[in-house]
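Values quoted throughout were computed directly from the atomic coordinates according to the rules given, and no laboratory measurement underlies them. This one's a predicted model, so the numbers in the text were calculated from it and none came from an experiment. No Cβ is skipped: glycine too gets one built from the backbone with ideal geometry, and neighbour counts run over all protein chains shown.
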Amino acid sequence: MNKELLSQKKKSVLIGGIALFLLLSNFSLPQSQSFLNISVKDHPKLSRIIVESSFPLSFEIEKRPSDVRIIIRTDTSFLIQKEPFESSVIRSFGWRRGRDYYILTFNIIPGRFSYDYFTLDNPPQLIIDLSPLSEKKEELLPEPTIVPPLSRTERPSAPSREIKTVVIDPGHGGLWPGAMGKSGTLEKDITLAISLKLAAVIQRNLALRVVLTRDKDVDVSLENRAAIANNNKADIFISIHANSSYQKDARGPETYFLSLEATDEEARKLAYLENNPTQPEEGIAGGNQDEIQMILWDMAQTAYLKQSSELAESIQNELNLLLRTRNRGIRQAPFTVLAGVACAAVLVEVAFLSNPREERRLLNEDFQNDAAKAIYDGLVSYLERNS
């Protein structure tokens, strides 16, 4: 009897042990965590970036004068691991996450370089080789195409200057609400919210003085906005706006710099409405071209058209990445607020209030933060190219 009981106890213990082992195995095995492993290795004639992942990579590579960026499109969260490195070409590595993408940024030392890349499948790897260019092989980046505001044989060139002050101009305000969305959202409120966030991120990350043309809901004339910039010796002027169109499906960002001749009819109408917030739209067909022409050549903005176009291009690229829309391109129009500013100056239409979907996004604080960060990234890219 005792032997039978002992045998049954042994069987029970054995069965219980097996069950416990299986139970613990199910719960103790770690869940598979998606990851990226970043490593950098120098070779005699190149520096190699190796991005190894635990999942198939969908990526874009963007080469800029001072960095290489890898844009990974995914909704999935993953862990980013970086191995310590020392490189003669790559200075540092950073990353940030958007709503459905990650950006990996490899900052490089000043100088020209070329890159090539290839992929491997098992495990998934993206390999980028960076090679400094000799003077004979130097590849010059194409200059942006600029349409001059007037045909003149000579145009003043911008004096070289150290960038110290950024003036941010929240469009409209006070009695001038600007565009209004279908749900009643006012442009003046959106522009102020994004401008305050942009000012904060610049002050947090860059050793620059930041001045706002308004920091609350008040009237500021177009002339006074330019005067604030000039009186504070602005080196960069960024005017923030939200767009509107009769085409309800119009979407995406637009970034403008100054010209007497607008890029197209839509840009001309937009400039007229921004320049004349108190006048009826019927006046669009006329417009005081003589006044704008006088401002263009009397003020110093004409000396900064090249810098303004480069700043517009940098910001537009970042906003395209944020909104994932077709590139509406950098545009030109005779905005009075830009004409009076003696520095690199752009006007940014972040998104369309007239589009219900984009109106909802503009009201979202996370989107406002993303928009401010995109404009900041565009500013940083411009600063790096002009340092």
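The Cβ shell under 14 Å around residue 88 holds other residues with a net charge of +1, Lys and Arg each +1, Asp and Glu each -1. Other residues whose C-beta falls under 13 angstrom from the C-beta of residue 217 contribute a net charge of -1, scoring Lys and Arg +1 and Asp and Glu -1.
What order, most packed first, do the peptides 70-78, 124-132, 348-356, 367-375 have when packing is the mean number of other Cβ atoms within 10 Å of each residue?
Those peptides, ordered most packed to least, come out 348-356, 367-375, 124-132, 70-78.
Going from the residue with the fewest nearby Cβ atoms within 10 Å to the one with the most, 66, 183, 39 rank 183, 39, 66.
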